[in-house]
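Below: one structure, written as C-alpha cells.
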Amino acid sequence: MCKHVTAALEAYKRWQWQEPYKRVHTVTQKIVLDPAWEQVQLSLSPIERILERILDVITDAT
C-alpha cells in the first residue's frame, strides 16, 4: 500500500473510531478530486491529546 492510502486508512479509522473494525479492501483506480467536496474534521487521538497537553505545559512554563 502506498503512503497516501495508508494515511487515508488511518484517518478513516480515527474518524470512525466508535464503529466496530471493518476490513478495508483497497482498489486501484483513477480518481478526480472535486474542489466542492467537504473536508471531514478529525478529532484528536488520545495520544495526540496527551502530546498537545504536554506542549501546552512546556509552552506555558517558558
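The values are calculated or read from the model by the stated rules, or taken from the named source; none is laboratory data. Since the structure is predicted, the reported quantities are computational estimates derived from the model, not experimental observations. Every residue, glycine as well, gets a Cβ built from its backbone with ideal geometry; the counts of neighbours run over all protein chains shown. Note: areas computed on protein heavy atoms with side chains; ligands, DNA, RNA excluded. Shrake-Rupley method; radii C 1.70, N 1.55, O 1.52, S 1.80 Å.
Annotations for the structure displayed:
- Which numbered condition Leu42 misses (of (1) open to solvent by less than 100 Å² (accessible area, probe 1.4 Å); (2) at pLDDT 85 or above): (2)
- Those residues of segment 4-28 which are in a helix (DSSP H, G or I) and either open to solvent by 100 Å² or more (accessible area, probe 1.4 Å) or in contact with a Ser or Thr (Cβ under 7 Å, 6 or more places away or on another chain) (or both), in sequence order: His4, Val5, Arg14, Trp15
- Taking first residues from segment 3-26 that are at negative phi and partners that are modelled with pLDDT under 80 and open to solvent by less than 80 Å² (accessible area, probe 1.4 Å), the Cβ contacts under 7 Å between residues at least 6 apart in sequence or on separate chains come to Leu9/Val24.
- Residues considered: Ile58, Ile31, Ile50. Of these, the only one that is of a type in the set (A, V, I, L, M), part of a helix (DSSP H, G or I) and loosely packed, with under 10 Cβ neighbours inside 10 Å is Ile58.
- Subset of segment 27-62 (residues that are β-branched (Val, Ile, Thr) and more than 17 Å from the chain's Cα centre (by Cα)): Val27, Thr28, Ile31, Val32, Ile54, Val57, Ile58, Thr59, Thr62
- Every pair of residues 6+ apart whose Cβ atoms lie under 8 Å, when the first sits in segment 31-52 and is free of Cβ contacts under 8 Å to residues at least 24 places away in the same chain while the second is open to solvent by less than 100 Å² (accessible area, probe 1.4 Å) and of a type in the set (Asp, Glu): Leu44/Glu52
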